[in-house]
1. For a protection proxy built on the mean count of beta-carbon atoms within 10 angstrom, sort A:20-29, B:29-38, B:460-469 highest first, please.
2. Report the gain in length on full extension from B:SER56 to B:LYS441: 0.36 nm times residue separation, minus Cα-Cα distance, nm rounded to one decimal.
3. For the stretch B:250-290, what does the relative contact order come out to in percent, with C-alpha contacts under 8 Å and a separation of six or more?
4. How much FRET efficiency would the formula 1/(1 + (r/R0)^6) give for B:LYS150 and B:ASP374, where r is the Cβ-Cβ distance and R0 is 56 Å, rounded to 0.05?
5. Where does each of B:429-439, B:69-79 land if you order them by average Cβ count within 10 Å, highest first?
6. What percent do you get for the relative contact order of the stretch B:107-209 when only Cα pairs under 8 Å and 6+ apart count?
7. How large is the charge dipole for the stretch B:311-360, taken about the Cα centre, if only the Cβ atoms of Lys, Arg (+1) and Asp, Glu (-1) carry charge, to the nearest 20 debye?
8. Per residue of A:17-27, how many C-beta atoms from partner chains lie within 10 Å of its own C-beta, taken as a mean?
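The numbers here are math on the coordinates, done by the rules we state, and not lab data. All values reported here derive from a predicted model rather than from experimental measurement. Cβ coordinates were reconstructed from backbone atoms using ideal geometry, including for glycine residues, and neighbour counts include every protein chain displayed.
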Amino acid sequence: MTIYINSDKVEVSPGMTIGDAVKSYSHELFQQLTRGRIKVYDRFGNQTEPDGPLKAGQQLVLK
Amino acid sequence: MRTWFTLLLLPALWLNGTGYGQQPGNDRIEQVIILHTNDMHSKIDNLAKLAYLADSLRARFPNVWLVSSGDNFTGNPVVDMIADPGYPMIDLMNRCGFTVSALGNHEFDMGQESLNKRISQAAFPFICCNLDVSGATLKPLQPRILLKTKSGLEIPFLGIIQLDENGLPSSHPSKMTGIKFYDGISKAAEFTRLKDQYGMLIGLTHLGVEDDVNLANAHPLFDLILGGHSHTLIEKPMVENGVTILQAGSNLRYVGKTTLDIRNGKIIRISDTLIALVSLKNENPGIRKRIDTYNKNEEFAKVVGSASRPLEGVDEIGSLMADAVRETCKTDIAVQNRGGIRIQSISSGDITLKDIYKLDPFNNPVTVFQLTTDEIRSLLCYGYKLEKGIDLQVSGMTYRIKDNGQFQCDSAEITGPDGKPLDPARKYSVAMSNYIGVTYKFDHTLPGIDDRNTTAECLIQYLRNHPDINYQGVKRATVAP
């Protein structure tokens with residue numbers, strides 16, 4: 001299924017978490033995420049935890 | 001005389017706006033405090049703090065309810081991987097005084113029989129409106145519960161569970177045999193009459209924040225939606241179409257403290273604060289002692305194997321997992337998907353049962369397919385397309401993908417243990433987690449057959465048979481430059 005990270009299309013497989021999707025998008029950003037330097041936010045501006053599930057069409061922002 | 005009195009009373013009830021079935025109103029505000037959590041995933045360590053917080057509020061306020069929006073299980077081997085899975089979590093939730101829980105998708109992970117046991121064990125109900133269990137092992141659940149305040153006001157909570165695109169909650173399909181699920185947002189329409197009846201309506205949902213927003217837009221009669229599933233930390237309450245939406249992250253790092261101000265049988269104000277449980281100092285000592293007992297389960301400290309060198313990354317760890325499945329299930333080939341490798345490294349030295357369950361917490365059985373070389377290729381390429389890179393680690397073969405420049409598999413060269421290409425004329429037995437077997441789209445003419453072992457059991461057996469494993473530098477899946 002397709003989700004969006006920082007407006008970029010990312011293909012993900014069932015069972016992957018938000019963290020898995022970030023890792024497949026950018027290893028560097030994933031490392032920053034795991035070190036707490038950046039966080040993941042949903043399209044409403046809510047922080048979302050990296051172990052959360054993914055939904056088709058989901059829009060995530062890393063900052 | 002009686003008829004005259006009734007005639008006078010009816011207009012009085014109408015004028016104060018409580019509606020049928022609720023108490024006659026007055027201008028006094030009644031407060032209800034709801035401590036809401038979601039997606040605790042068997043993380044029991046903060047339950048002693050939660051209990052202390054709940055008890056301290058109960059000592060000061062008359063109406064304090066402790067609720068969960070589902071996914072109470074799956075995420076901690078001391079809860080999930082014992083003979084009676086989930087027992088510790090419900091035991092501790094009972095001791096905390098939970099009032100109600102929604103059903104989450106991970107409630108199904110332990111299977112319907114175990115879930116029945118947990119629901120019977122619980123001193124609180126599980127609620128869910130969008131399923132039909134008449135053909136299933138799971139016992140019927142109430143779609144909603146009425147929680148009563150000290151003054152006698154009744155507030156309905158409606159439970160709703162999420163569905164994936166396949167029409168099932170996110171759990172292994174075999175765990176939900178016989179259960180019919182309905183779209184939760186559509187099904188909720190049948191229950192919005194509760195708002196007319198009781199003047200208030202709260203959704204206790206396991207939908208994810210996106211669908212909580214859709215629910216609010218479809219049914220603005222909800223006063224409040226206490227959500228879960230998406231592990232969203234809603235720090236500032238969302239208000240969508242007049243409906244307040246809240247969620248408290250996951251893994252019991254936070255709890256939300258929601259205060260409802262109710263006047264004349266209507267919620268006039270909702271406020272919410274997220275409380276970081278790690279910041280609380282006090283905890284219930286009795287519950288702490290019980291948590292410690294569960295954590296000290298000596299079964300999980302048992303050493304099952306050892307590593308002479310650390311294993312780092314998906315190539316090394318995934319190859320170990322694939323080897324374990326291939327050897328234990330006696331197949332030609334085995335594959336392990338990247339999503340099923342839940343830790344990044346294994347230290348050198350002893351490997352315990354707890355380490356195994358951290359690596360592989362899913363309890364998925366192995367499925368064996370008979371596949372031709374082309375069918376194996378379709379499986380490898382499906383994984384490559386999903387991951388936009390190597391997904392499947394392998395045993396009994398190696399492979400090299402040629403990318404077409406768009407993260408798609410142009411071709412895949414597959415070689416056997418002798419270094420020669422696999423024989424295109426024969427079928428190979430290929431073992432995999434049955435999660436891959438069910439969810440990956442690849443060519444196969446015959447269905448897979450479930451082995452009696454789970455992938456974790458294969459790993460335990462393999463480590464017992466192979467002391468001092470060394471996977472340093474193992475790399476069996478590559479992409480051509």
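1. Details: A:20-29: 18.5, B:29-38: 22.3, B:460-469: 15.7.
Result, highest mean first: B:29-38, A:20-29, B:460-469.
2. On the way: separation 385, 0.36 × 385 = 138.60 nm, distance 5.26 nm.
Fully extending the segment from B:SER56 to B:LYS441 adds 133.3 nm.
3. Details: 39 pairs, mean separation 15.1, N = 41.
Relative contact order, the stretch B:250-290: 37 percent.
4. Details: r = 69 Å, r/R0 = 1.24.
For R0 = 56 Å, the calculated efficiency reads 0.20.
5. Numbers: B:429-439: 24.0, B:69-79: 25.7.
Packing proxy ranking, top to bottom: B:69-79, B:429-439.
6. Numbers: 162 pairs, mean separation 31.5, N = 103.
With pairs under 8 Å counted, the relative contact order is 31 percent.
7. Details: 6 positive and 9 negative charges, 48 e Å.
The dipole magnitude comes to about 240 debye.
8. On the way: counts 3, 2, 0, 5, 0, 0, 4, 8, 1, 0, 0.
Neighbouring Cβ atoms belonging to other protein chains average 2 per residue here.
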